[in-house]
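The values are calculated or read from the model by the stated rules, or taken from the named source; none is laboratory data. Predicted model only: the values in this text are computed from it and were never measured. Heads up, the Cβs are rebuilt from the backbone with ideal geometry, glycines too, and the neighbour counts pull from every protein chain shown. Just the protein is used for accessible areas: all its heavy atoms, side chains included, with ligands, DNA and RNA removed. Shrake-Rupley method; radii C 1.70, N 1.55, O 1.52, S 1.80 Å.
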Amino acid sequence: MAARLVGQADVMLGQKIKRLRRLRGLSQSEVADVLEITFQQVQKYERGVNRIPAAAIPVLARLLNTTANHLLDADDLRRTHVADDREVIALQAALSTLPADSPARQQYLKAVAALAAAIRATGDDQQALNMVDKTGRVSVSGAGTTSSVMPQSARS
């Protein structure tokens, strides 16, 4: 039996699946149960050690609330930079504590969007770090506007 060769696309696909799984709050065991495999096999898929069978892609897409095309999008796979998912999950957790119709939620979303836009505009991570002061306030300047937002966790 010939060895199956895995490539960079397999690694990136596995990373994307891991990121989506974690963002959906699913464990590897839950994914394994749906795919009728072991959680160790899910680990191997996520690390890109083993290739994911074609038949598993649509099942994973439904489970992860996405499409097979999105999972397999080669351009998207190349663009995907695996960030520290803990930070993304922390942002989502903070957002989930705010009611959907809350003005605070809208302010939170605007602040995160403004910070991301400022970072993207400067292309300078060090300058982005300077936007957050020691109290946790985010100060973003650009396009003639300045906003300062204090995370709820810093308020008393």
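Across segment 1-53, which residue is nearest to Leu64 (Cα to Cα) among those that are open to solvent by 50 Å² or more (accessible area, probe 1.4 Å) and of a type in the set (Lys, Arg)? Checked segment 1-53; the qualifying residue nearest to Leu64 (Cα to Cα) is Arg24.
The set of residues in segment 109-138 being open to solvent by less than 50 Å² (accessible area, probe 1.4 Å) and either in a helix (DSSP H, G or I) or at pLDDT 75 or above (or both) consists of Ala111, Ala114, Leu115, Ala116, Ala117, Ala118, Ala128. In segment 55-66, the residues that are loosely packed, with under 15 Cβ neighbours inside 10 Å reach residues that are outside any helix (DSSP H, G or I) and not polar (S, T, N, Q) with C-beta atoms within less than 7 angstrom, at least six apart or across chains, in these pairs: Asn65/Arg24.
Here Leu64 meets the list (1) closer than 20 Å to Val6 by Cβ; (2) touching a helix residue (DSSP H, G or I) at 6+ places or on another chain (Cβ under 8 Å) almost entirely, failing just condition (1).
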